[in-house]
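What follows is a set of notes on a single structure, which appears directly below.
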Amino acid sequence: MTNENLTALMIGNSRYHWAEILDGRIQRVWHTSHNETLPNLDSPLVFASVVPAQGDRLKRHYPTATKITLADIPLGNLYPTLGIDRALAMYGAGEIYGYPCLVIDGGTALTFSGVDGDRRFVGGAILPGLRLQFQMLPQGTAALPSIELPEQLPTRWAQETKEAIASGILHTVSAGLNSFIDNWLTKYPTSSILVTGGDGNFLKQSVPHPELVHIDADLVLQGLVKLWLTQKWVKKKEKDL
């Protein structure tokens, strides 16, 4: 493969996630907010977006950019409203770590997404992400304080309000993680399990089989790059025929 630069971008619910690619490998990752000035790029851009307005803004700024949509993902049984970030994470997980696979994404939303050995989407679940849960509780109550996500799982039986909030949210999420993973492994005992997203490191502390879990913070971007390279190779082959 010749030296070739590429910029990959995933537009998430709260941030832009950028990656500088050389020869199909991520060299550097950085993040910007939705309202920051878009950078000047010296390489082709491939992107996907879960925020339509931001995707439109990007396309106006970079008219030659390649947009990846759900129809481009070579996985079966994807439903029309499935988030492109979830689909790319599943594709990246399967291509890198093998199928079947379960992806747990700890971002603005906490999602579970499973693919079987035939590369067909089995199903999943969505709930508010950890940080969003911590933000929602004080916003909806008069007296409960705002707290930050702790670095470690707190004691279960708290004796102080802030600790009680952390315990309630995190131990409940931990129980849910355990339930989903155990159920998945009864169906697909050889499955790979991936944890990604901003809260990935914390989530791995809470899983029942940490030795079976891979953390890949850039899984969505990995899937985006692999898909783009595959599509480019297919198009080149078709052109050469």
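The values are calculated or read from the model by the stated rules, or taken from the named source; none is laboratory data. Here the structure is a predicted model, which is why all the values come from computation and not from measurement. Please note: Cβ atoms are built from the backbone with ideal geometry, for glycine as well, and neighbour counts cover all protein chains shown.
Of note:
- Subset of the range 1-43 that is acidic (D, E) and within 22 Å of the chain's Cα centre (by Cα) - its residue that is farthest from W228 (Cα to Cα): E36
- Residues being assigned to a helix (DSSP H, G or I) and under 22 Å from R119 (Cβ atoms) - total across the range 147-204: 7
- Within the range 102-114, residues that are on the phi < 0 side of the Ramachandran plot have Cβ atoms under 8 Å from residues that are acidic (D, E) in these pairs: D105/D85; G106/D199; G107/D85; G107/D199; L110/D199; T111/D105; S113/D105, counting only partners at least 6 apart in sequence or on another chain.
- Taking (1) out of contact with any helix residue (DSSP H, G or I) (no Cβ under 7 Å at 6 or more places or on another chain); (2) surrounded by 12 or more Cβ atoms within 10 Å (Cβ to Cβ); (3) in a strand (DSSP E or B) in turn, G123 satisfies each apart from (2).
- The strands (runs of 3 or more DSSP E) falling completely within the range 1-92 that include 3 or more residues that are surrounded by 14 or more Cβ atoms within 10 Å (Cβ to Cβ) map to 5-11, 15-22, 45-49.
Yes/no matrix, rows are residues, columns are (1) without any contact (Cβ under 8 Å) to a residue 40 or more places away in the chain; (2) over 20 Å from the mean Cα position of the chain (by Cα):
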position: L127; (1), (2): no, no
position: L153; (1), (2): no, yes
position: R156; (1), (2): yes, yes
position: Y188; (1), (2): no, yes
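- Residues that are assigned to a helix (DSSP H, G or I) and out of contact with any Ser or Thr (no Cβ under 8 Å at 6 or more places or on another chain) were ranked within the range 126-141; the one that is surrounded by the most Cβ atoms within 10 Å (Cβ to Cβ) is L130.
- The range 10-33: number of residues that are without any contact (Cβ under 8 Å) to a residue 60 or more places away in the chain and under 19 Å from H61 (Cβ atoms): 9
- Residues satisfying the stated conditions in the range 184-204, i.e. at pLDDT below 85 and loosely packed, with under 14 Cβ neighbours inside 10 Å: N201
- Failed condition for R60, given (1) at pLDDT 95 or above; (2) of a type in the set (K, R); (3) under 21 Å from V195 (Cα atoms): (3)
- Members of the range 178-213 found to be in contact with a Ser or Thr (Cβ under 7 Å, 6 or more places away or on another chain) and closer than 20 Å to T108 by Cα, listed by number: S206
- Restricting the range 94-118 to residues that are part of a loop (DSSP other than H, G, I, E, B) and not small (G, A, S) leaves a set whose member that is farthest from G176 (Cα to Cα) is D118.
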